[in-house]
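Since the structure comes first, as structure tokens, the remarks are kept for the end.
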Amino acid sequence: MMKRRDFVKLTAKGSIIALGAPALLDLVARDKLAAADVLPPELKGVLKAALANGGQFADVYLEQVDRTTVSLAGGKVESVECGIHRGGGVRLLSDWKTGYSSCDSWEEEELKRVAGVASQMARGGGEPEIEDFTRKGERGIVAYEISPDEIESARKVEIATHADTIARAYDPAIKQVRVNYTDEIKRIVVANSDGVMVTHEVPLVWITVSTLAQRDSKQQSGYIRRSAKRGFEYAGLAFAEEAARESARQAVDMLEAGEAPGGEIPVVIGSGGGVVFHEAVGHGLEADGVERKTSFYTGMVGTRVGSDLISIIDDGSIPNLRGSFDYDDEGTPSQENVLIENGILKGYIYDLLTAWKLKAKPTGNGRRQSYMHYPMVRMTNTHLLPGDSKPEEIIEATPNGIFTRHLGGGEVDTTTGDFTFGVREAYLIENGKIGAPVKGATLIGNGPEILKRIDMVGDDVDFWPGTCGKGQWVPVTSGAPTLRIASITVGGRG
Amino acid sequence: MDAEKLSKRLLALIEASGIAEGEVYVRKTRGLEVTLRDQDVERLQNTDAGGFALRLIDDHRMGFVHSSDLRDASIERAVEKGVDLARNATADEFNSLVEPAPAAGKVETYDDTIASVEYERKISLLKDVETLCFAYDPSISKIADLSYEDSEVETVIANTKGVFQQSSSTRFSVGVDVVAERDGEVESGGERSESRFFEDLDPPSRLASRACWKATSLLGGKTLPTQNAPVIFNRDTGYALLRHLFAMIDGRNVADGLSLLGGRIGEQIASPLVTVIDDATISGAIGSGRFDAEGTPSGRTVIVDGGTLRSFLFDSRSGRKAGSTTTGNARRDGFRALPAVGYTNLFLEGGTTSPDEIMKTTESGLLLLSLAGWWMGINASTGDFSSGAKGLWIEGGEVAHPVKKVTIASNIIDMLGAVDVVGDDLELRHAASSPTLRIGEMKIGGV
Ligand SMILES: [Zn+2]
């Protein structure tokens, strides 16, 4: 029902879909070597099989994910989870048509079989050359110190348990806590018929703390997530503690919340609210929608799409952020891409296919959920550059309205540009001061319109982690400083 | 991979490991996805995937392992790893596996024509949808997405207490999203059909006309003054109520004290017109199955009966924890996820009034055609409901004008209490289905 709608899901359960788990094996280390030293000739054979019926391009993607998850509720560890996911996918492009097939194996024979399936999309025309591989080295963008593979599960249980203890100790009103701790190492190999070959290791750590506060007959929930493409060095007790305390604070502070107002009013988005730009702008600048001419930003490069205060970047090369990597899932290096500069639309983001179709350069935005998924154009770390205002000046300059401290998820219809996003924690602004908490606010608007209504931008950028859904799920962040939208429709009950 | 053989081998390894309880879940999927554009296949994807998951429990401590790596050594290491994880976990007295129980009667979920329906037939279905969409109205300018999918899933669930369940099911779906443009204004509309049997898919004419109608009827829409007014949910939007309600009847939330409805069994929580049922035993329905994701035979659960709360939905763990018992509602998102509580075919029972009659008897109000962001606020503890909305403004029982740029807000319990008429048009087309219904009053946010 929501297929074309793209959305960032920031809720706890099910947000990180599908992929597997952790630290099984010494086999891993051996396979890692194999990826680097043994596979190239075999992969060439796989690409050859994919191109056997013709076509212009083929690539093979191998992936292994090792993941550990600890789930805790009601003070008890519900489970400790470990998984290993290993498989490969082969893609063929022929006259812009895509054939894709995957298997749960790195065996040459199996990969050749699925290459044969993908090759069925070929529209004939001789067998193209396969270039010799030039291997690209690691760039260190997601470098890590301690591999979570090497840490005993008992220590991860301790982290989750510590988060629970801290959240409960925050206030007697905290009655329920759920904690989810996950770490993973993903190892990929990408090789294509143009001779690109990449091996890449990507760590990820992720914790969510959900809390419920109850006082008298009132209850409110808190929800905080923290994530980075880092190793276990990021995942210490302090990391759990900070997330737990913030989640508990949010639930307790919102206990006395009244209903948010409804109607068009000024809204100050606290720093970290980059989901606004992810939805209002980012999805519309993904080149697949531009190529199909279904995006509202089609054909608008060089034109004014926002106020002077608006400069938006998508950058997969920022060290260790949740949306970062050395190479995307097609082997293209990540890079900084300027989408909008001082209100003028500068460009789109591309994967290989859309770049070729639109005669542009790939931007390092070809991503997939797993080896079972073909690459698509996706965002990485999308952020609004800071302005000159101090956050407190922005509040003081706003006689009345709403201040949002934490946004929830968002959703956009990329055809119309109409977006919605949820608000987790918000406060009234009265006479230029932050006042009482309010709940139940949803913000709706139109991407191009909202960019023109942003009239103050702060100097305090913060990045928040999310998981972006577009038929496939990928980890992202979005960043923004404190900013003011002169007026936007708020869907509260008050 | 032979699912039955693999599960027996894993079970034998578990038994040899000396752990107290163990469960094997094996899942094998074969899938096809085709995207069409300009009467030609744009993308063709074949998926062949599978793997297993183990839940190993020792002294109420649980380890969970899953893997798609089926090499012998890896399988053995997975069992060892699971045992190790369980022994390093801490105890939760509610961790345990299910006992064997007699299977439910016959529930049809497998279409044995899946292998024989020609590829060309699937493509021509898509081609017809595309042609019919462009023929619907000159304002239909583009098709944003048009795709066909089918899949076949084989599952085995076995545990050391003697459960051994095996089943196969099929699923077909076709979806289309269209763009309508007029005088520089753009709107979108979509329709999706899903079924267990190929022949049960909606015909191209229905898919095309429903998608195009939604997009074109929103053209020329305007916002409303902020106000309180009746809101009519139709079959395309009513599922949002059920999805919000589900969070509160999800046994896990109930057991953890997170549901607003916890402890309220037997109380009137909704209008007498509201009856909500979850039923996994309906042959051919998209959420049906003979047993759930732990091997418990499926059933039918009356959740709300004439407005009175009768039951929650439980898997075995949440059932135990809440002092109740499983309702056969364990669900897994593939083999990589732990079982959680899910609904099967969740529906609000139909009433006796036609949708037309409901509109005609609405003095003024909003007929909702599409919601955006309705899922973001789902919260079992507060029940707050807030969403972006588009639809048609009704005045004197007739459509006055399309509506956009508004929000609707209320609380799910207030909404269920304010249902004042229920339509006779329930169809179980998706896993959560609602007939047309009217909520006496909601807050509409506009200008
Ligand atoms: Zn997104």
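The values are calculated or read from the model by the stated rules, or taken from the named source; none is laboratory data. Keep in mind the model is a prediction, meaning the values are calculated, not measured. Cβ: placed from backbone, ideal geometry, glycine included. Neighbour counts: every protein chain shown.
To keep it simple, each residue is scored yes or no on (1) away from the ligand (no atom under 16 Å from the Cβ); (2) in contact (Cβ under 8 Å) with a residue 60 or more places away in the chain.
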{"residue": "A:Ile318", "(1), (2)": "yes, yes"}
{"residue": "A:Phe325", "(1), (2)": "yes, yes"}
{"residue": "A:Lys361", "(1), (2)": "yes, no"}
{"residue": "A:Arg378", "(1), (2)": "no, yes"}
{"residue": "A:Pro386", "(1), (2)": "yes, yes"}
{"residue": "A:Pro391", "(1), (2)": "yes, yes"}
{"residue": "A:Ile394", "(1), (2)": "yes, yes"}
{"residue": "A:Ile402", "(1), (2)": "yes, yes"}
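Here B:Glu185 qualifies as charged (D, E, K, R) and either within 10 Å of another protein chain (Cβ to nearest Cβ) or touching a Lys or Arg at 6+ places or on another chain (Cβ under 9 Å) (or both).
Can you find a residue in region A:269-279 that is of a type outside the set (Gly, Ala, Ser), away from the ligand (no atom under 16 Å from the Cβ), out of contact with any Phe, Trp or Tyr (no Cβ under 6 Å at 6 or more places or on another chain) and in the same structural domain as A:Gly447 (by TED's automatic domain parsing)?
First, the residues of region A:269-279 that are of a type outside the set (Gly, Ala, Ser): A:269, A:275-279.
Remaining after also requiring away from the ligand (no atom under 16 Å from the Cβ): A:269.
Imposing the further condition that a residue be out of contact with any Phe, Trp or Tyr (no Cβ under 6 Å at 6 or more places or on another chain) reduces the set to A:269.
Checking the rest, the ones that are also in the same structural domain as A:Gly447 (by TED's automatic domain parsing) come to A:269.
Among the residues of region A:269-279, at least one is of a type outside the set (Gly, Ala, Ser), away from the ligand (no atom under 16 Å from the Cβ), out of contact with any Phe, Trp or Tyr (no Cβ under 6 Å at 6 or more places or on another chain) and in the same structural domain as A:Gly447 (by TED's automatic domain parsing), which makes the answer yes.
Just to be sure I understand the filter: pairs with C-beta atoms under 9 Å, separated by 6 or more residues or on different chains, first member in region A:455-477 and within 14 Å of chain B (Cβ to nearest Cβ) and basic (Lys, Arg), second member assigned to a strand (DSSP E or B) and more than 11 Å from the ligand (Cβ to nearest atom). Which pairs pass? Every condition considered, the pairs that remain are A:Lys470/A:Met376; A:Lys470/A:Val377. With respect to being away from the ligand (no atom under 16 Å from the Cβ), more than 11 Å from every other protein chain (Cβ to nearest Cβ) and within 24 Å of A:Ala486 (Cβ to Cβ), A:Gly282 falls outside the description.
Could you tell me whether A:Ala240 is of a type in the set (A, V, I, L, M), modelled with pLDDT of 95 or more and away from the ligand (no atom under 16 Å from the Cβ)?
So A:Ala240 fails the test.
Applying the criterion of being within 16 Å of the ligand (Cβ to nearest atom) and farther than 21 Å from A:Ser487 by Cα to the residues of region A:295-312, the residue that is nearest to the other protein chains (Cβ to nearest Cβ) is A:Phe296. Candidates B:Leu224, B:Leu273, B:Leu201, B:Leu207: the one that is at pLDDT 95 or above, within 30 Å of A:Ile488 (Cβ to Cβ) and either surrounded by fewer than 21 Cβ atoms within 10 Å (Cβ to Cβ) or aliphatic (A, V, I, L, M) (or both) is B:Leu224.
When region A:92-134 is filtered for residues that are in a strand (DSSP E or B) and more than 8 Å from chain B (Cβ to nearest Cβ), the ones remaining, listed by number, are A:Leu92, A:Leu93, A:Ser94, A:Gly124, A:Thr134.
In the set (1) under 19 Å from the mean Cα position of the chain (by Cα); (2) buried (at least 24 other Cβ atoms within 10 Å of the Cβ), A:Gly440 fails one condition alone, (1). Taking strands (runs of 3 or more DSSP E) as the structural unit, those lying wholly within region B:1-82 and holding at least 3 residues that are within 30 Å of B:Ala115 (Cα to Cα) correspond to B:21-37, B:40-58. When region A:406-418 is filtered for residues that are more than 10 Å from the ligand (Cβ to nearest atom) and either in a strand (DSSP E or B) or not assigned by TED's automatic domain parsing to the domain that holds A:Glu286 (or both), the ones remaining, listed by number, are A:His406, A:Leu407, A:Gly408, A:Asp418. Screening A:Asp460 on (1) more than 16 Å from the ligand (Cβ to nearest atom); (2) over 21 Å from A:Arg225 (Cα atoms); (3) not small (Gly, Ala, Ser) shows it passes everything except condition (2). Filtering region B:48-94 to residues that are under 16 Å from A:Ser71 (Cβ atoms) and facing chain A (nearest Cβ under 7 Å) leaves B:Met62, B:Gly63, B:Phe64, B:Val65, B:His66, B:Leu85, B:Asn88, B:Ala89, B:Thr90, B:Asp92.
For region A:91-131, a tally of residues being β-branched (Val, Ile, Thr) and closer than 24 Å to A:Lys359 by Cα returns 2.
Looking across region A:353-369 at every residue that is surrounded by fewer than 23 Cβ atoms within 10 Å (Cβ to Cβ) and not charged (D, E, K, R), the one that is nearest to the other protein chains (Cβ to nearest Cβ) is identified as A:Gln369.
Quick one: is B:Phe134 under 28 Å from the mean Cα position of the chain (by Cα), surrounded by fewer than 21 Cβ atoms within 10 Å (Cβ to Cβ) and among the aromatic types (Phe, Trp, Tyr)?
Details: under 28 Å from the mean Cα position of the chain (by Cα): no; surrounded by fewer than 21 Cβ atoms within 10 Å (Cβ to Cβ): yes; among the aromatic types (Phe, Trp, Tyr): yes.
No: the conditions fail for B:Phe134.
The set of residues in region A:475-494 being surrounded by fewer than 22 Cβ atoms within 10 Å (Cβ to Cβ) and either within 11 Å of the ligand (Cβ to nearest atom) or more than 25 Å from A:Val305 (Cα to Cα) (or both) consists of A:Gly494 alone.
Conditions tested, residue by residue: (1) over 30 Å from B:Glu21 (Cα atoms); (2) modelled with pLDDT under 95; (3) surrounded by fewer than 19 Cβ atoms within 10 Å (Cβ to Cβ).
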| site | (1), (2), (3) |
| --- | --- |
| B:Arg87 | no, yes, yes |
| B:Ser116 | yes, yes, yes |
| B:Lys127 | yes, no, yes |
| B:Ser139 | yes, no, yes |
| B:Asp150 | yes, no, no |
| B:Glu154 | no, no, no |
| B:Asn159 | no, no, no |
| B:Ser169 | no, no, no |
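From the list B:Ser370, B:Ser354, the lone residue that is outside the structural domain of B:Gly51 (by TED's automatic domain parsing), in contact with a strand residue (DSSP E or B) (Cβ under 7 Å, 6 or more places away or on another chain) and surrounded by fewer than 24 Cβ atoms within 10 Å (Cβ to Cβ) is B:Ser354. When the criteria are applied in full, A:Leu212 fails the requirement of being under 19 Å from A:Pro465 (Cβ atoms) and crowded, with 18+ Cβ neighbours inside 10 Å. Going through region A:275-325 one residue at a time, which ones are surrounded by fewer than 24 Cβ atoms within 10 Å (Cβ to Cβ), acidic (Asp, Glu) and in contact with a strand residue (DSSP E or B) (Cβ under 7 Å, 6 or more places away or on another chain)? Selection gives A:Asp288, A:Asp315.
Looking at region A:177-280, the strands (runs of 3 or more DSSP E) lying wholly inside it that each contain 1 or more residues that are over 27 Å from A:Gly432 (Cα atoms) sit at A:196-215, A:218-228.
If only residues of region B:20-36 that are farther than 12 Å from B:Leu54 by Cα and aliphatic (A, V, I, L, M) are counted, the one that is surrounded by the most Cβ atoms within 10 Å (Cβ to Cβ) is B:Leu36. Among residues belonging to region A:439-454 that are within 11 Å of another protein chain (Cβ to nearest Cβ) and among the aliphatic types (A, V, I, L, M), point out the one that is farthest from the ligand (Cβ to nearest atom). Result: A:Ala441.
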